[in-house]
1. Is it fair to say residue 73 is outside any loop (DSSP other than H, G, I, E, B) and in contact (Cβ under 8 Å) with a residue 40 or more places away in the chain?
2. Being touching a Cys at 6+ places or on another chain (Cβ under 7 Å) and β-branched (Val, Ile, Thr) narrows it down to one of 193, 182, 197, 252, so name that one.
3. Within the range 78-120, count every residue that is part of a helix (DSSP H, G or I) and among the polar types (S, T, N, Q).
4. Here are the criteria: (1) more than 27 Å from residue 204 (Cα to Cα); (2) more than 16 Å from the chain's Cα centre (by Cα); (3) surrounded by 20 or more Cβ atoms within 10 Å (Cβ to Cβ). Tell me which single one residue 40 does not satisfy.
5. Find the residue count for the range 195-229, including only residues that are farther than 21 Å from residue 92 by Cβ and outside any helix (DSSP H, G or I).
6. Look at residue 243 and say whether it is surrounded by fewer than 16 Cβ atoms within 10 Å (Cβ to Cβ) and either of a type in the set (Gly, Ala, Ser) or touching a strand residue (DSSP E or B) at 6+ places or on another chain (Cβ under 9 Å) (or both).
7. Checking the condition touching a residue at least 24 places away in the same chain (Cβ under 8 Å) and part of a helix (DSSP H, G or I), which residue from 147, 124, 155 passes?
8. Mind counting the residues in the range 1-35 that are of a type in the set (A, V, I, L, M, F, W, C), within 22 Å of residue 266 (Cβ to Cβ) and surrounded by fewer than 23 Cβ atoms within 10 Å (Cβ to Cβ)?
Amino acid sequence: MPFHTAADGTRLFHLDVGDGPPVLLVHGWSLSSAMWEYQVRALVTAGFRCVAMDRRGHGRSDVPGAGYDIDTLADDLTGLVEHLDLRGVTAVAHSMGTCEVTRWLARTGTDRVARAAFLGAMTPHLVGAVGAAFVDAIVDALVADRPRWFQEGAPGYFATAGTGSWVSQALIDDGIRTILTTPLEVQIACLRTFATTDLTADLQAIDVPVLVLHGDADASAPIDLTGRPTAKLLRNGRLRLVEGAPHGMYVTARSTIDAELLAFAG
């Protein structure tokens, strides 16, 4: 299996498939690189190389006791890109992944990156928009019964009463199984990282084109709190509203998302 070692000795798994211009896929909170299966297939078929890492504490990567702060997570991305010597990268991130990619681009510059796409962005500053008590309540719910919390959130995540009405219970159950393999303490640490980090200045520092894809049915990251202010802060940002799409747009709106990414990366 393809692994590389981070600066602190943590072994990180990464998928590397296809040939052509590189696309780096950064997964959302509590998930893994497996979430990108639809996008990987579309991109590889179109002639791109897809690289997707399991964040530390997630998927097949090691689970260290520390390193879930935004700077270390950004450094992990730097390590992967340098390990594979990727250049001209199109960075694609979902949810929490948009936060670490934002810090990564702001800290390390964009010499190796040509463009970035944010899906369901959690930037610029979630706690600043919803308050710390909101995050504390999520932590309490996770500690009390996290399988129930994720199960109850699934209909909103996939808009099963709307554009995601076709999503099967089997697909939902598969996602929750993946989520629950991420340890509780890792989930809490990552939640506090992406929710409390103010990335306003980081977004303003990014100098490559950024496509912000956001659904107007996103219950996890309401567009007026996240997607719209993110696009306004970027020097070269463009907001693409995906009508009826929820946070899980990479599944429910995959045809639209794949088409947008192919056009943007190309």
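1. Details: outside any loop (DSSP other than H, G, I, E, B): yes; in contact (Cβ under 8 Å) with a residue 40 or more places away in the chain: yes.
Spelling it out, residue 73 is indeed outside any loop (DSSP other than H, G, I, E, B) and in contact (Cβ under 8 Å) with a residue 40 or more places away in the chain.
2. Numbers: 193 fails: touching a Cys at 6+ places or on another chain (Cβ under 7 Å); 182 fails: touching a Cys at 6+ places or on another chain (Cβ under 7 Å); 252 fails: touching a Cys at 6+ places or on another chain (Cβ under 7 Å).
Just one listed residue meets the conditions, 197.
3. The first filter runs over the range 78-120 and keeps only residues part of a helix (DSSP H, G or I), leaving 78-84, 96-108.
In the following step, the residues that additionally are among the polar types (S, T, N, Q) were identified as 78, 98, 102, 108.
Of the residues in that region, 4 qualify.
4. All conditions are met except number (2).
5. Number of matching residues: 5.
6. Details: surrounded by fewer than 16 Cβ atoms within 10 Å (Cβ to Cβ): yes; either of a type in the set (Gly, Ala, Ser) or touching a strand residue (DSSP E or B) at 6+ places or on another chain (Cβ under 9 Å) (or both): yes.
It is true that residue 243 is surrounded by fewer than 16 Cβ atoms within 10 Å (Cβ to Cβ) and either of a type in the set (Gly, Ala, Ser) or touching a strand residue (DSSP E or B) at 6+ places or on another chain (Cβ under 9 Å) (or both).
7. Details: 124 fails: part of a helix (DSSP H, G or I); 155 fails: touching a residue at least 24 places away in the same chain (Cβ under 8 Å).
Of the residues listed, the single one that is touching a residue at least 24 places away in the same chain (Cβ under 8 Å) and part of a helix (DSSP H, G or I) is 147.
8. Of the range 1-35, the ones of a type in the set (A, V, I, L, M, F, W, C) are 1, 3, 6-7, 12-13, 15, 17, 23-26, 29, 31, 34-35.
With the extra rule that they be within 22 Å of residue 266 (Cβ to Cβ), the set shrinks to 15, 17, 23-26.
Next cut, surrounded by fewer than 23 Cβ atoms within 10 Å (Cβ to Cβ) only: 15, 17.
Result for the range 1-35: 2.
Read the figures in this text as sums done on the coordinates, not as results from a lab. A quick note: this is a predicted structure, and the numbers were derived from the prediction, not measured. Reconstructed Cβ throughout: ideal geometry from the backbone, glycine too, with neighbour counts over all protein chains shown.
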